[in-house]
1. For region 84-206, what is the Kirkwood estimate of the hydrodynamic radius, computed as the reciprocal of the mean inverse distance between distinct Cα atoms, to one decimal in Å?
2. For SER89 and SER164, compute 0.36 nm times the residue count separating them, minus their Cα-Cα distance, and round to one decimal in nm.
3. Cα-Cα over 22 Å: which of LYS5/LYS79; LYS41/LYS160; LYS79/LYS152; LYS10/LYS81?
4. On the principal axes of its Cα set, how long, how wide and how thick is region 53-141? Give whole Å, largest value first.
5. Please give the FRET efficiency for ASN38 paired with ILE180, using the beta carbon to beta carbon distance and R0 = 22 Å, rounded to the nearest 0.05.
6. Just grab the label-to-label distance for SER122 and ALA13, each label 7 Å out from Cα along the Cβ direction, in nm (one decimal).
7. Mind checking region 20-71 for GluC sites (Glu not before Pro) that DSSP puts in a loop (not H, G, I, E or B) and that have at most 11 other Cβ atoms within 10 Å?
8. Tell me, for the chain, which Cys residues have no other cysteine's C-beta sitting closer than 4.7 Å.
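What follows is calculated from the coordinates using simple rules that are stated; it is not laboratory data. Not measured: the values here are computed from a predicted model. Cβ sites come from the backbone with ideal geometry, for glycine too, and all protein chains shown count toward neighbours.
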Amino acid sequence: MESRKEHWEKVYATKQPHEISWTQQLPKTSLDFVHSFNLPKTASIIDIGGGDSMLVDFLLEEGYENITVLDISEIALEKAKRRLGSKASKVNWITSDVTTFHPSGSYDCWHDRATFHFLTSSQDVNTYLNTAKQAVSGYMIIGTFSDKGPDKCSMLDVHKYTESELQEQLANGFDKLKCITEDHTTPFNTVQNFLFCSFKRSILTI
């Protein structure tokens, strides 16, 4: 059985952006949530599972100076670097599975669109949440498939979330600020329903 990393390297090696369902030309919802926190341009922002997403392009364009993009696929990150050209040097790129990621610092904003729902074992979910609790000093944005979303993505099983279930997962360490659902239209005109929620780091509980 191929590993998680092997799967994603193959996806990004063989498919162009218009051939993968999660492509967005304008990540408006993610940007709206980032803007809602009123962060300074020096804020530390990490995009979990950012791949070759366009979010980093818009954040750079808006003047954010401390951006990290993490993805399990080195090929995905190389594609993003090529797209950005000389601007790529302004970004901290990390090739890692989020479940084995050990942050060296803290983040004012942790953004994750469509990584968390691929974690289907309680062990992986708990590892992710413990990492986030260590790493996030400010805010968190998580986008997952809603309970009306698809059962699979990129041939992998996903865990779909209701607002109350996602809130419950993050209850120990994060306070929910806002949740919305929205339809994402894929490049091949299918529709996926997403749940997006923002959270604020709360006082650490034992």
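1. On the way: mean 1/r = 0.0644 Å⁻¹.
In region 84-206 this quantity evaluates to 15.5 Å.
2. Values: separation 75, 0.36 × 75 = 27.00 nm, distance 3.96 nm.
That works out to 23.0 nm of additional length.
3. Numbers: LYS5/LYS79 16 Å; LYS41/LYS160 33 Å; LYS79/LYS152 25 Å; LYS10/LYS81 18 Å.
The pairs that break the limit, which is 22 Å between Cα atoms, are LYS41/LYS160; LYS79/LYS152.
4. Cα spread of region 53-141 along its principal axes, largest to smallest: 40, 28, 21 Å.
5. Working: r = 19 Å, r/R0 = 0.84.
For ASN38 and ILE180, the calculated efficiency is 0.75.
6. Placing both labels 7 Å along Cα→Cβ, they lie 3.6 nm apart.
7. Working: sites: GLU61, GLU62, GLU65; in loops: GLU62, GLU65.
Loop-located and lightly packed - GLU62.
8. For the chain, the answer is CYS109, CYS153, because their Cβ atoms have no other cysteine Cβ under 4.7 Å.
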